[in-house]
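One structure below.
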Amino acid sequence: MDPALADEIEAAFDGVDLSSAAPADAPPGEADSSGEGGADGQAPSELEQARAQAAQAAEELARARADLYNLQQEYQGFVRRSRESAAGHREAGQASVVETLIPVLDEIELARQHGDLTGTFATTAGKLEQILADKFGLERFGEVGEVFDPKLHDALMATESSEVTEPSIALVLQPGYKLGERVVRAARVQVANPA
């Protein structure tokens, strides 16, 4: 029982003569074995009722506290799951935007390779690539001479070469892109295998 509640119950019975009260195991309304209590026959019954009400109130308070605790735990779990879910949705949205822009980035890279990326178009393309790199963590990969990694590269063609000691990229047909550690698109390459 809550100590504060117990103190309040004890204070409520200050001034009540408990010497004539029936023992705790006696049925309510019965006087003690001394035979006294005639007119005070109501006192033990009221005392027992007050004790029963106090015990019931204490039990209800304990249940209410348990319910409140459970509700708080459930709410905290909901908040935690919501935050995790929001982060996942944000990452999925970013990935979707970047995947949609990959064909545009491919066109920019082809224009750069052919010398057609000039003037304001070059400035705009550079800003787009910079924003995607800084804000979303987009990284282009796949360079000639890199060691071939089947997790990062799709080998579309293969040749043999005496100039390499391990499978390496001889030609990049399409660069690959990563968002952080996640590969959005593997680089499409020609591989040179050792002869």
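For the range 143-153, taking the residues that are surrounded by 12 or more Cβ atoms within 10 Å (Cβ to Cβ) and not aliphatic (A, V, I, L, M), the one that is nearest to Ile102 (Cα to Cα) is identified as His153. Screening Thr124 against (1) part of a helix (DSSP H, G or I); (2) under 21 Å from Val172 (Cα atoms) leaves a single unmet condition, (2).
Of the residues making up the range 90-100, one or more are of a type in the set (Asp, Glu) and part of a helix (DSSP H, G or I).
Scanning the range 127-149 for residues that are in a helix (DSSP H, G or I) and free of Cβ contacts under 8 Å to residues at least 12 places away in the same chain yields Lys127, Gln130, Ile131, Ala133, Asp134, Lys135.
Applying a threshold of 8 Å to beta carbon distances and a minimum spacing of six or more residues, or different chains, the list of pairs starting in the range 105-118 at a residue that is within 14 Å of Gln174 (Cβ to Cβ) and free of Cβ contacts under 8 Å to residues at least 60 places away in the same chain and ending at one that is surrounded by 14 or more Cβ atoms within 10 Å (Cβ to Cβ) and charged (D, E, K, R) reads Ile108/Glu129. Mind telling me which of the residues Glu99, Glu139, Glu107 ends up being modelled with pLDDT of 90 or more, acidic (Asp, Glu), more than 30 Å from Pro194 (Cα to Cα) and surrounded by 11 or more Cβ atoms within 10 Å (Cβ to Cβ)? Being modelled with pLDDT of 90 or more, acidic (Asp, Glu), more than 30 Å from Pro194 (Cα to Cα) and surrounded by 11 or more Cβ atoms within 10 Å (Cβ to Cβ) holds for just one of Glu99, Glu139, Glu107, which is Glu107.
Would you check which residues across the range 45-81 are loosely packed, with under 11 Cβ neighbours inside 10 Å and of a type in the set (Lys, Arg) and list them?
Initial filter on the range 45-81 (loosely packed, with under 11 Cβ neighbours inside 10 Å): 56, 60, 63-64, 66-81.
Selection gives Arg63, Arg80, Arg81.
One residue stands out among those in the range 154-194 that are assigned to a strand (DSSP E or B) and touching a residue at least 60 places away in the same chain (Cβ under 8 Å): the one that is surrounded by the most Cβ atoms within 10 Å (Cβ to Cβ), which is Tyr177.
The values are calculated or read from the model by the stated rules, or taken from the named source; none is laboratory data. Just so you know, these numbers come straight off a predicted model, no measurement behind them. Ideal geometry is used to build each Cβ from the backbone, glycine not excepted, and the neighbour counts take in all protein chains shown.
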